[in-house]
Amino acid sequence: MGRIDARRYLRRWESLLVLFLLVVLAYNITQVSNFLTAQNQANLFQLSIEKAIVALIMTFVIISGEIDLSVASMMALSAAVVARLNESRMEHVLAIVVALAVGLGLGALNGFFVANVGINSLAVTLAGYIGYRGLAQVFIEDNSVGGFPGWFTRLGQKGIIGPITFSIILFFIMAAVAGVILHYSGFGRRVYTVGSNARVAIFSGVPVARTRIIIFATSGLVSAIAGILYAARLGAVRSSTAQGFELDIITIVLLGGVSIFGGVGSMVGVLLSIFLVLNLRNGMTIAGITGNTQTGVIGLLLILSVLIPNLVSRAQGRFRRTPVEPQFQAPRPETVQSAG
Amino acid sequence: MTDRLLRHIRPEQFRELILLVVTIGALLFFWTQIPNYFDPRSINRLTVGLAIPLVVAIGQMMVVLTRNIDLSVSSTVGLTAYVVGTFLTRNEVSPWVAAVMAMLLGCALGAINGLLVAYGGVPAIITTLGTLAIYRVVLVEISGAKTVTTGDLPGWIGSLPSKTLVTVRDYDLRLMVAIALIVTIAGYLVLRFLPFGRRLYAIGSNPDAARMAGLPARRDVFCAFVICGGLAGLAGFMYLVRFGNITVTAAQGLELQVVAAVVVGGASILGGQGTIFGVLLGVMLIEILQQSLLRWSGLSEFVKDAILGLLILIAITVDAVVLGRLREAWVNTRRRDRAAARLVMEGGADGAD
C-alpha cells in the first residue's frame, strides 16, 4: 500500500462520511418537525459535548500511533477532585485549577512511561483506565457529590449566546486550534512523522519522546477539562461518571478516517464523524432505541469503521494489477517501540 | 555474583520468583494483620474466589501471547451465564450438558472476535472493545431486564458450588476449584508441549517472522480467540452455578481484573512472553489483595481499583526496566561463557573476538 493510495482513499472516506451524515440528517428532519432550529441543534451538541472535546485530542494520540484508554477515567477523576475539594469548602476556581493540574500531571506521567520508559501505551493507559477511576472512588466513595456554586452549574447548563453554552463555544475554539496545530504547524507534522514511522522520526532528528509526552499531557489536561464541564452540566459527580466514554471517543476518531496504526487522519474527518455520531444517536433516540442499545450500535460502527477500509483495500489489491510488492515492509510503529 | 545467579536462572524465571515472594509476603502480612487468616473458612473462600478469574485468565493469556487482547470476556461470561441460566429454567438437562452448552456458546462468541481480528485485520483492541459493548447489549436485549433467579433453577445448581472432592482437615477442594486447576494444568501442557502452544509464542514474539516462516498465524490467532471465548463460556457456567442470580450486569468489570492478572503475572502485552505459572500467581495476588484489603480494617473498599491500577503500572515498569537490564546481563554472561569456552578449546590462541 503506497501512501498516495491511502490518501486518495481517505478523501473518498470523507465524502462517504458526508453522504452518511446527509442521510442521517434527512431522516432526523423528516421525523422531527423542529429539528433544524438552533435550540434543538444546541441541545443535540450539548448532550455529548464532552466526548466531542476529548475526541479532538484523541485524534492527535491515535495519529501519533498510540492510544489513550484512560481518558474517561480521567474525566471521572477530575470531576471527583473538583467535587471533593468543593465539599471541603475550597475556593471553587482553585479546585478547578487543582483538578486541571492533576489531569496535566497524570497525563504527562502516562507520556513519560510511554516515551521514556518505553512501555506500550495500551498497557500504560490500561493501568490509568483502572487506577484513575479507582482514585475517583477513593475521593468520593460511592456518594453522589454535588452542591456546586451557582455560577458553575449555570456555566454548564445555561446558554451564553442564545442556546449556545460555554462548552459548545469552547469546543469550536478548541477544534479550530487543534485543526491549525495538526495541519499547519511544525508540531502537527511531527505528530504524523512519529505516527507513520517512529524509527525514521528518531533518525530524522524529530524529538519523538518530547512529542509523545506533550501529546499525552495534553490528553490528560483536555480530559480533565471535559470532566469538569461534565460535572458542571450534571451538577453532581459519582465515581461511575463518564464510564464507557472511551468507546464513543475512540469510535468517533476511527470513524473519522484516522488509522489505528498511526500516521493517517485529518481533523475535518474527525469533525464530520463527531456530527455524524451525534446525529446518529439523536436519530436512534427518535426511533425509540434505548441508550444501552445505542452503545452497541456505536461498538458495531467502531468495528466496521476499521473492517470496511481493510476489506476495500484488500479487494483493490486483488483486482488492480500492480507490480510485485516489496518483500520486506517497513516495520510498523509498534514493533519499533518494543525495540526502544 | 550476578554472573553466577544468571547462569542458573533465566530472567523470566527470576520474575516469577519475585512474584512468588511478593505473593507469599502478602499472605504473611495479612496473616499478621487479620485474625484467623489461615483458618479453613477463609482459605476456602479465597480458593473459590480464585476459580472464575483463573479460568478466564488462562484463555486471556493465550490471546495475549499472540500480541492481541480480548476485552470482551466479561460480556461473554455474563451472556453465557444468562443464556444457559434461562435455558435451565425451562429445560431439564444434566450439569454436563449445561457446561458444554456454555462452552460452545462462548466458543461462538470468541470465534466472532477471532474472525474479525485474524481474517478481517481489525486490531484486537478495537474488535473486543466493540464486542464488549455488543455482547452486553445482546444480553440486555434478550433479557428484557428480567433476572435469572436461584428459585427458578434446577436443584442441582444449589448444591454444586459447595460440592467438595477432597477435604483435608477442613480445607476443602471444591469442584469449582478443581475445574479451574484442571484448566490451568491443561493450559500449561498445551503451551509447553503442543506445537500449537509453541506457535502462539512464535507468533506473538514476531508476527511477520512467524508468517514468513510458514506458520499458520491467522488460524492460530483465530483458535486462541475461540479457546479464550470457550473458557469464558465455562466461566459463565461457573458464575451461574456460584451466584444463581444473574442480572444484566453480571460479571461486569471482570475483564479488568483478568487483564490485570495476566499482565501482573508477567505475560507481555506485546506478546510472545508469559507462563501459566505466572498467570496463576498473578490471579492469586490480585484475589488475595482484593479479598484481604476488604477485611483489613485499615483500608476502605474504595481503594481497591486504585491499588489494582498501581499494581499493573508497577508490574509493567519492573518488566520494562529491571528485566530489560537482567536480560541484557544474561545474554552478556552467556556470551562471555561461550567466549571463554572457545578460548580454552583453541588452547589460549590470541586474537580472540
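The values are calculated or read from the model by the stated rules, or taken from the named source; none is laboratory data. Quick caveat: nothing in here was measured; it's all calculated off a predicted structure. Neighbour counts are summed over all protein chains in view; Cβ atoms, including those assigned to glycine, are modelled from backbone coordinates with ideal geometry. Quick note on the areas: whole protein, heavy atoms, side chains included, nothing else; ligands and nucleic acids left out. Shrake-Rupley method; radii C 1.70, N 1.55, O 1.52, S 1.80 Å.
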Note to self: Take the conditions assigned to a helix (DSSP H, G or I), out of contact with any Asp or Glu (no Cβ under 9 Å at 6 or more places or on another chain) and open to solvent by less than 30 Å² (accessible area, probe 1.4 Å) and apply them to A:Val114. Does it pass?
What the structure shows: no
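For every residue, the table says whether it meets (1) open to solvent by 30 Å² or more (accessible area, probe 1.4 Å); (2) more than 14 Å from chain A (Cβ to nearest Cβ); (3) not polar (S, T, N, Q).
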| position | (1), (2), (3) |
| --- | --- |
| B:Ala108 | yes, yes, yes |
| B:Tyr135 | no, no, yes |
| B:Thr147 | yes, yes, no |
| B:Asp152 | yes, yes, yes |
| B:Gly155 | yes, yes, yes |
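Looking only at region A:43-68, how many residues end up being open to solvent by less than 10 Å² (accessible area, probe 1.4 Å) and more than 14 Å from chain B (Cβ to nearest Cβ)?
At the first step, the residues of region A:43-68 found to be open to solvent by less than 10 Å² (accessible area, probe 1.4 Å) are A:49-50, A:52-56, A:58-59, A:61-64, A:66, A:68.
From what is left, the residues that are more than 14 Å from chain B (Cβ to nearest Cβ) are A:49-50, A:52-56, A:59, A:63-64.
Going through region A:43-68 one residue at a time, the tally reaches 10.
State which residue is most open to solvent (accessible area, probe 1.4 Å) when the search covers only region A:239-297 and only residues that are of a type in the set (Phe, Trp, Tyr) and under 14 Å from A:Ile53 (Cα atoms). Write out each step before concluding.
We begin by selecting, within region A:239-297, every residue of a type in the set (Phe, Trp, Tyr); these are A:245, A:261, A:275.
Those left that are additionally under 14 Å from A:Ile53 (Cα atoms): A:245, A:275.
Numbers: A:Phe245: 30, A:Phe275: 60 Å².
Taking the candidates together, the pick is A:Phe275.
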Checklist line | Top-ranked residue in region B:157-194 [being in contact with a Leu (Cβ under 7 Å, 6 or more places away or on another chain) and part of a loop (DSSP other than H, G, I, E, B); ranked as farthest from the other protein chains (Cβ to nearest Cβ)] | finding: B:Lys163
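Can you confirm whether A:Ala95 is open to solvent by less than 10 Å² (accessible area, probe 1.4 Å) and either more than 30 Å from B:Leu323 (Cβ to Cβ) or within 12 Å of chain B (Cβ to nearest Cβ) (or both)? Before the answer, list the steps.
Details: open to solvent by less than 10 Å² (accessible area, probe 1.4 Å): yes; either more than 30 Å from B:Leu323 (Cβ to Cβ) or within 12 Å of chain B (Cβ to nearest Cβ) (or both): yes.
Answer is yes for this residue.
Report, by residue number, each residue of region B:181-191 that is open to solvent by less than 60 Å² (accessible area, probe 1.4 Å) and either acidic (Asp, Glu) or within 20 Å of B:Met284 (Cβ to Cβ) (or both). Walk me through it before giving the result.
Keep residues of region B:181-191 that are open to solvent by less than 60 Å² (accessible area, probe 1.4 Å), which gives B:183-184, B:186-187, B:190-191.
Scanning region B:181-191 gives B:Val183, B:Thr184, B:Ala186, B:Gly187, B:Leu191.
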Check: What are the pairs, 6+ residues apart or on separate chains, where a residue within region B:142-171 that is on the phi < 0 side of the Ramachandran plot and basic (Lys, Arg) has its Cβ under 8 Å from a residue that is open to solvent by 90 Å² or more (accessible area, probe 1.4 Å) and part of a helix (DSSP H, G or I)?
Finding: none
Item checked: Subset of region A:117-142 [more than 10 Å from chain B (Cβ to nearest Cβ) and either surrounded by fewer than 24 Cβ atoms within 10 Å (Cβ to Cβ) or more than 19 Å from B:Val64 (Cα to Cα) (or both)] -> none
Notebook entry, point to check: Looking at A:Leu311, A:Leu301, which is the one that is outside any loop (DSSP other than H, G, I, E, B), within 9 Å of chain B (Cβ to nearest Cβ), at pLDDT 55 or above and more than 23 Å from the chain's Cα centre (by Cα)?
Noted result: A:Leu311
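Yes/no per residue for (1) more than 19 Å from B:Trp96 (Cα to Cα); (2) open to solvent by less than 70 Å² (accessible area, probe 1.4 Å):
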| position | (1), (2) |
| --- | --- |
| B:Leu173 | yes, yes |
| B:Ile179 | no, yes |
| B:Phe193 | yes, no |
| B:Arg198 | yes, no |
| B:Pro207 | yes, yes |
| B:Ala213 | yes, no |
| B:Tyr239 | no, yes |
Check: So which helices (runs of 4 or more DSSP H) are wholly in region B:30-133 and hold at least 3 residues that are of a type in the set (S, T, N, Q) and out of contact with any Asp or Glu (no Cβ under 8 Å at 6 or more places or on another chain)?
Finding: B:73-90
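Identify all residues within region B:256-270 that are small (Gly, Ala, Ser) and open to solvent by 10 Å² or more (accessible area, probe 1.4 Å); write none if there are none. Spell out the reasoning first.
Here is the first cut: in region B:256-270, the residues small (Gly, Ala, Ser) are B:260-261, B:265-268.
B:Ser268 - this is the single residue of region B:256-270 that is small (Gly, Ala, Ser) and open to solvent by 10 Å² or more (accessible area, probe 1.4 Å).
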Next item on the list: Might you check whether a residue that is under 16 Å from B:Ile288 (Cβ atoms) and open to solvent by 50 Å² or more (accessible area, probe 1.4 Å) occurs anywhere in region B:40-55?
Entry: yes
Next item on the list: Quick one: which residue in A:Arg212, A:Arg189, A:Arg199 is modelled with pLDDT of 90 or more, surrounded by fewer than 24 Cβ atoms within 10 Å (Cβ to Cβ), part of a helix (DSSP H, G or I) and not aliphatic (A, V, I, L, M)?
Entry: A:Arg189
Margin query: If B:Leu280 meets every condition in (1) within 23 Å of the chain's Cα centre (by Cα); (2) open to solvent by 30 Å² or more (accessible area, probe 1.4 Å); (3) within 14 Å of chain A (Cβ to nearest Cβ); (4) not aromatic (Phe, Trp, Tyr) apart from one, which number is that one?
Written below: (3)
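Does A:Leu104 fit the bill of being of a type in the set (A, V, I, L, M) and either modelled with pLDDT of 90 or more or open to solvent by 40 Å² or more (accessible area, probe 1.4 Å) (or both)?
Details: of a type in the set (A, V, I, L, M): yes; either modelled with pLDDT of 90 or more or open to solvent by 40 Å² or more (accessible area, probe 1.4 Å) (or both): yes.
Criteria met by A:Leu104.
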Checklist line | B:Gly253 within 14 Å of chain A (Cβ to nearest Cβ), open to solvent by 30 Å² or more (accessible area, probe 1.4 Å), on the phi > 0 side of the Ramachandran plot and not hydroxyl-bearing (Ser, Thr, Tyr) | finding: yes
Notebook entry, point to check: within 14 Å of chain B (Cβ to nearest Cβ), open to solvent by less than 70 Å² (accessible area, probe 1.4 Å) and within 21 Å of the chain's Cα centre (by Cα): does that describe A:Ala176?
Noted result: no
